[in-house]
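Trainee: Sharing a structure with you now.
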């Protein structure tokens, strides 16, 4: 009898742990509370990459098939710069003819890196055909010629049920954001910076 109870307790704990470690990685669902707007949109700089990328319009994958959305996680005290990507592959965005344009193909994510009941999450977007990850895209700096952007960091608490309903696992605190191109400094900007540095150097020598 005791052995049976122990097995049942262990199975229940495992199921509970699984439920608490999941999140519905979706920015468009009828089960999400509303508002806010959770779509990913183009910012004003995106048009310099493609005239079809109108500022404020939802993003689509037609012209950028490599566009990806990755979920990043940390415990409730983790700063934005220290969040790490979940182990699951990043999500692909929907096409311009989709009724869900501006959203990615959602799926449940199991978060194994953080065990605290409440976590900090963030969504980051980049072009996977140009860089292997968001961090790699950022590291390229001006050499990265694709779309790039991220959401604000938001809080998420795992559902307490061992078998949570989809609505319990939604990213209700997530808010939509815009993506654009990396700003490349103009030659004139470099020239002005050089003149400024030279002026400071000459001033110090005169003193």
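The values are calculated or read from the model by the stated rules, or taken from the named source; none is laboratory data. Small disclaimer: the values here were computed from a predicted structure and weren't measured. Note that we place each Cβ from the backbone using ideal geometry, even for glycine, and neighbour counts take in every protein chain shown.
Trainee: Of the residues 167, 155, which is closer than 22 Å to residue 38 by Cβ, touching a strand residue (DSSP E or B) at 6+ places or on another chain (Cβ under 9 Å) and not in a strand (DSSP E or B)?
Mentor: Values: 155 fails: not in a strand (DSSP E or B).
The conditions single out 167.
Trainee: Between 73, 59, 54, 40, which is at pLDDT 95 or above, more than 16 Å from the chain's Cα centre (by Cα) and under 28 Å from residue 126 (Cβ atoms)? Quick ask: steps written out before the conclusion?
Mentor: Working: 73 fails: more than 16 Å from the chain's Cα centre (by Cα); 59 fails: more than 16 Å from the chain's Cα centre (by Cα); 40 fails: more than 16 Å from the chain's Cα centre (by Cα).
Result: 54 is the single residue among 73, 59, 54, 40 that is at pLDDT 95 or above, more than 16 Å from the chain's Cα centre (by Cα) and under 28 Å from residue 126 (Cβ atoms).
Trainee: Within the stretch 33-43, how many residues are touching a strand residue (DSSP E or B) at 6+ places or on another chain (Cβ under 8 Å), under 20 Å from residue 92 (Cα atoms) and assigned to a loop (DSSP other than H, G, I, E, B)? Reasoning before the result, please.
Mentor: Filtering the stretch 33-43 down to residues touching a strand residue (DSSP E or B) at 6+ places or on another chain (Cβ under 8 Å) leaves 33, 39-43.
Imposing the further condition that a residue be under 20 Å from residue 92 (Cα atoms) reduces the set to 39-43.
Still in the list and also assigned to a loop (DSSP other than H, G, I, E, B): 39, 43.
Final tally of qualifying residues: 2.
Trainee: Here's another thing I want to ask about it. When you check residue 152 against the structure, is it at pLDDT 95 or above, surrounded by fewer than 17 Cβ atoms within 10 Å (Cβ to Cβ) and in contact with a helix residue (DSSP H, G or I) (Cβ under 9 Å, 6 or more places away or on another chain), yes or no? If you could, list the steps in order and put the result at the bottom.
Mentor: Details: at pLDDT 95 or above: yes; surrounded by fewer than 17 Cβ atoms within 10 Å (Cβ to Cβ): yes; in contact with a helix residue (DSSP H, G or I) (Cβ under 9 Å, 6 or more places away or on another chain): yes.
The answer is yes for residue 152.
Trainee: Hey, could you check the stretch 132-147 for residues that are touching a helix residue (DSSP H, G or I) at 6+ places or on another chain (Cβ under 9 Å) and surrounded by 20 or more Cβ atoms within 10 Å (Cβ to Cβ) and say which is nearest to residue 77 (Cα to Cα)?
Mentor: For the stretch 132-147, the residue satisfying everything is 147.
Trainee: When the residues of the stretch 98-138 are filtered to those that are without any contact (Cβ under 8 Å) to a residue 24 or more places away in the chain and in a loop (DSSP other than H, G, I, E, B), which remaining residue is farthest from residue 150 (Cα to Cα)?
Mentor: 99
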